[in-house]
1. I'd like to know which of Leu376, Leu343, Pro355 lies farthest towards the positive end of the charge dipole of region 326-383, counting +1 on Cβ of Lys and Arg and -1 on Cβ of Asp and Glu.
2. Reported to two decimal places, what Rg/Rh ratio describes region 175-390 when computed on Cα atoms with Rh from the Kirkwood expression?
3. Compute the distance in nm between two label points, each set 7 Å from the Cα along the Cα-to-Cβ direction, one at Asp450 and one at Gln495.
4. Provide, for the chain, the number of lysine pairs with alpha carbons under 29 Å apart, each pair being eight or more places apart or on different chains.
5. If you take the charge dipole of the chain about its Cα centre, with +1 on Lys and Arg Cβ and -1 on Asp and Glu Cβ, which of Ile463, Ile202, His15 is farthest toward its positive end?
6. For Gln367 and Arg162 in the same chain, what is the full-extension length gain: residue separation times 0.36 nm, less their Cα-Cα distance, in nm?
7. Can you give the extra length, in nm with one decimal, that the chain gains between Glu318 and Asp8 once fully stretched, where that is 0.36 nm per residue apart less the Cα-Cα distance?
8. Modelled label-to-label distance, Glu289 and Arg482, 7 Å Cα→beta-carbon offset: nm?
Amino acid sequence: MSLVLDRDKRTPLAHQIRAHFEALIRDGRLGAGVKLPATRELAQQLGVNRATVALAYEELVASGLARAHVGQGTFVAEHDGAPNGHRPATGEAPRPALRAPIDWSALLSRSARVSVDADARWRALASTSSVSPNVISFAGGMPDSGLFPTDAFRRVLNHVVREEGEALLQYAGAGGYAPLRQYLTTYLLRVGVEARPEQILIVNGSQQGFDLIARTFVDPGDAVAIEQPTYPRAAHVARAFGADLLAVPWDGEGPRAEVLERLLARHAPKLVYCQPTGHNPTGLTMSAERAQRLLAIAAEHQVPIVEDGFDGSLQYGERPALPLKARDRDGFVIYIGTFSKILFPGLRLGWVVAPEPVIERLEAAKQLADLHTSALIQAAVHRFCALRLLDRHVARAAAEYSRRRRTLLHALERRMPPGVTWTDPAGGFSLLVTLPAGIDGGTLLARAIDRGVSFTPGTAFSIDDSGAGTVRLAFSSVPAARIEEGVRRLGETIQEELKRPRRRAVGRPAMLLV
């Protein structure tokens, strides 16, 4: 096709694709009802991610120039040179020609362009994973909403509105609801983290916690060392603030200490980011020896470690592993925690634990961002915890997630062809599967969906387009009764792929998820 993308332009590729089709439609070269090329085919022709084409089509639909039909494709809409197909009535004066719309994309900051691109990839992945209710999806690393204690939380919420509603619905302090901060000092002691209330900041989920940390510490051009594979949104946040990311590969024990030490000596990064427990995507836990080594390296080089913590209640060993923060004697670890995995993600409630001077700076950044987290939600969660309803819910949910984990591991043992390996998750909601040599996870996904199963390609968790030969399987939101069938479908897809002519796996742009 005649469309040629200029990768040196500041204009994002998706907007270049949209502008090309917009010109063809407005010039009449693409008439009403014409079907646009399939996103997958056009992406291959242009050498871009499918999500980029999907975003361009979404913008055409939003402007009224195209219409989308689920399962059929995207088509040129009725237009006749006027918005939404308007035709002047007889005797009606023709409308003046519209001025060219402002090119908002050219005005975006670099951080905004990073965010838009990341969001487009996430939407593309989400839509792919929910093509049909018949697709068994291992893509969503989130709690199962069927296990949520909604009735109990509703009663608690009603109670706090009656008792404290006038105060809770007013503006509140940026640091957080004092009783909740006090409760967290005791809650965190369960996993060995000692913190006073003034060392805790309540935030809108762990995502905001890392955003505030990056906003406070990272300047454009600074380096941030980050484990690989890693949680995708952490990488995107760091990049949005202009950071250069330095990959520290995981092995069976955690981020490789010798690589981290070499990077710290050569590049002097501002921060180190890692998930020592419930690691996403592998589910692995950092060993005690590796944890001590990382702390020693950080202290030697005077570099803070940002620990993205996963609740110890959702670890599957006999005893939960200690967070890095519990081993930190020198104050180098900034610990992020959240209720999203053990209660309701929609509450957007988490916390940051750090030395008081750091908390003061983070609190100032939070005030600029959103003033404060909902005091009503904080009070409701505090009461839910104080009544021990959280403990009761976690015991039930953890038992179910543990059962689903075992079911998945057993199904993999029975259904995977030779050459497929996987991690044994000690915590969290997922594991990482390594495919036989030459099979690309992104290519496999399209064929797997045709068989009724989906997952997340491993490139989603890399910062350098590696991981093409891996896929993440999240078990938390898949009913145990469907796990076996989902793995059977996946195994058959891999078997079929092994029979195809072998091609070298090619790294693909990462797709984003929760």
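Every number here is computed from the coordinates shown, using simple stated rules; none is lab data. Since we're looking at a predicted model, the values are computed, not measured. All Cβ positions, glycine included, derive from the backbone under ideal geometry; neighbour counts span all protein chains shown.
1. Ranked along the dipole, the leading option is Leu343.
2. My calculation puts Rg/Rh at 0.94.
3. Each label point lies 7 Å from its Cα, and together they span 1.7 nm.
4. Qualifying lysine pairs in the chain: 7.
5. About the Cα centre, the residue reaching furthest to the positive side is His15.
6. 71.0 nm
7. That works out to 106.2 nm of additional length.
8. Label-label distance for Glu289 and Arg482, simple model: 4.2 nm.
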